[in-house]
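Engineer: This is the structure, below, for whatever I ask next.
We did not get these values from a lab; they are worked out from the coordinates using the rules stated. Here the structure is a predicted model, which means the values were calculated and not measured. FYI the Cβ positions are ideal-geometry reconstructions off the backbone, even for glycines, and counts take in every protein chain you see.
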Amino acid sequence: MKLIPDWRRVLSRAWSLRLIELAALADIILNLVPAVADYLPWWLTLLLLGGAYVGRMLAQPEPAKADKEAENANQ
């Protein structure tokens, strides 16, 4: 298994991944700490996952083009 050459750039722009991580954290907190459920809305996880979907589709629309550019830069 090998990391892609520009993994730092990808990680810095991966908003969908960040939103998915926040959704998981919110869901864990809501389920493990019932007292927090009064302050965090039940739909927060759904909102974060929807944001991750939109972020992936809109902010990163052409992954194939970026892959081709990275491949050309490495040659």
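Engineer: Hey, got a sec? Which trypsin sites (Lys or Arg not before Pro) in the stretch 1-45 land in a DSSP loop and have at most 11 other Cβ atoms within 10 Å?
Structural biologist: Here the trypsin sites (Lys or Arg not before Pro) that fit, given the DSSP loop and packing criteria, are Lys2.
Engineer: Loop-only check: which chymotrypsin sites (Phe, Trp or Tyr not before Pro) in the stretch 1-42 are DSSP coil with at most 14 other Cβ within 10 angstrom?
Structural biologist: Tyr39, Trp42
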